[in-house]
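Right, one structure below, let's go through it.
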Amino acid sequence: MTEMQQHAPIAFKEKTNLLEWAISPYGATLLSSVIFFSAWLLPPSIYSIGLDEPDYLWLDQSSFFLFASCAIAFVLGVRLADKKVRFQRRSPIPAHIPPVPYILPPLVATLAFGLVGVLLILRAQPQIIIALLSGAGENIKGDLFEVALPAGIAAAGSAMLAVLYWGVNAYSAVPKGRNKKIIGRILAGYISISFAIAFIKFSRNDLMSLILGIMTIRIANGIRSGRTDIREVKLVAKALATMVALFLMISLLRGTSSDELLGNFFGYTISGYNRMAAIVHHQIPYLDAGNGDHLFNGILQNRTINNLFPFQAMYNLPDQLDVWLSDFTAVLGAGLMSQYTFASCFGFIFIDAGWWTPAVVFFCGVFSGHMWKRFKQNKGIGVVVYPMIFFTILMWFGTNTLISMNTIIFILTTAALLAYENLFKLLALATSGIRNATPHGIANLPLPPDRM
């Protein structure tokens, strides 16, 4: 196979195009739009069955205009950066890089940080285990906010997820054999521990982003290898079913009774758009609206960032915990159920940016489109960051998860993985005596055929 053939775009069939579209920002935007318009058309009589609060959203023209303009701006931004790059085949796999020693260290390092974080949380808040076992976890989020973790440990959850995406993608490049089985078992254990950590933190987002991210990478690698059959459709169905099951399980663990599950489902999905409508009509009195707290989603109050750039002191910003607690009071002030504070991605941005929100979302689209392009090219930053972006688009009904510390941690983790990859490759070249290879990026790191 020639160099040109190795990096050439794949010849696409109709089924492959459909799968590509399904995991693209365009497909995710369409699905999020369907969720919004379903909520917008839902009569108050049905909405009130799940939630005992006023329905600001039903057929509200201002909310419709805000969502539609933001969705269009996002797609335009994606289109500007995407440039219709197609999925490309993998680079050849030389024999001088041992796959197990290559993939294992980042997994072990991030897992160690993650476990240390859990131990520190349990040491500070031992009642979490009791709440987990008794199904009384409604106050756990507040307890977790009170735990002051060191910066590196606090970032471990996001870093673990980023490294997992990288590891799953690298695993798909390993030929069948003993090495692939070993790495598969390591990844299975890593995923199981990640699930356990997410349950201890009662984090639906961590669980759902883990499932969706793996699904996205698996489908993409199926496209690259030309395997676009019913297995990919089954994978999507299993991922969605697992997400629903985990959502219900976390709800029960947090103290929701079976009779309240419908209200809980509405509360964590379409109620975000009802709060967005209330925000558009200035019905929710948020603390210090307009100072960037909700637009930047805690970035300006992050301790590590403030050690470098003292934004909080310069602009007299409230503490992140105070902002979070004030959201409950603000939502209650609008006559809405205070336990559900999610106001949708666009709603939270609107608190600070007002009708400039579509412009902000446009630049988010440009960034997302660039990551989607790099993902299709099988380049490191795209492989790690894009699955997270895909999740954030689907979660538009919840909160502003794209402009957040999570995105910054993913980018920094990618930089660390790039440095690790190049160092590993140099050591492997020095050991094997090969001098002519050049680095291609995280996702294209050459992995050897299994010799066992």
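The values are calculated or read from the model by the stated rules, or taken from the named source; none is laboratory data. Remember, predicted model here, so these are calculated numbers, not experimental data. Note: ideal-geometry Cβ built from the backbone for every residue, glycine included; neighbour counts use all protein chains shown.
If only one of PHE390, PHE375, PHE346 is modelled with pLDDT of 85 or more, closer than 19 Å to GLY157 by Cα, buried (at least 23 other Cβ atoms within 10 Å of the Cβ) and in contact with a Pro (Cβ under 9 Å, 6 or more places away or on another chain), which one is it?
It is PHE390.
Of everything in segment 153-173 that's in a helix (DSSP H, G or I) and among the small types (Gly, Ala, Ser), which residue is modelled with the lowest pLDDT?
ALA154
Pick from segment 45-67 the residues that are surrounded by 13 or more Cβ atoms within 10 Å (Cβ to Cβ), without any contact (Cβ under 8 Å) to a residue 24 or more places away in the chain and assigned to a helix (DSSP H, G or I): which of them is nearest to the chain's Cα centre (by Cα)?
It comes out as PHE65.
Filter the helices (runs of 4 or more DSSP H) completely within segment 259-357 down to those with at least 1 residues that are in contact with a Leu (Cβ under 6 Å, 6 or more places away or on another chain) and closer than 26 Å to PHE74 by Cα.
261-267, 271-280, 345-353
To keep it simple, each residue is scored yes or no on (1) at pLDDT 90 or above; (2) farther than 23 Å from TYR386 by Cβ; (3) among the β-branched types (Val, Ile, Thr); (4) not in a helix (DSSP H, G or I).
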residue	(1), (2), (3), (4)
ILE182	yes, yes, yes, no
ILE186	yes, yes, yes, no
PHE195	no, no, no, no
GLY213	yes, no, no, no
ARG218	no, no, no, no
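Just for segment 378-387: of the residues that are crowded, with 23+ Cβ neighbours inside 10 Å and under 16 Å from the mean Cα position of the chain (by Cα), which one is nearest to LEU300 (Cα to Cα)?
Out of the qualifying residues, it is VAL385.
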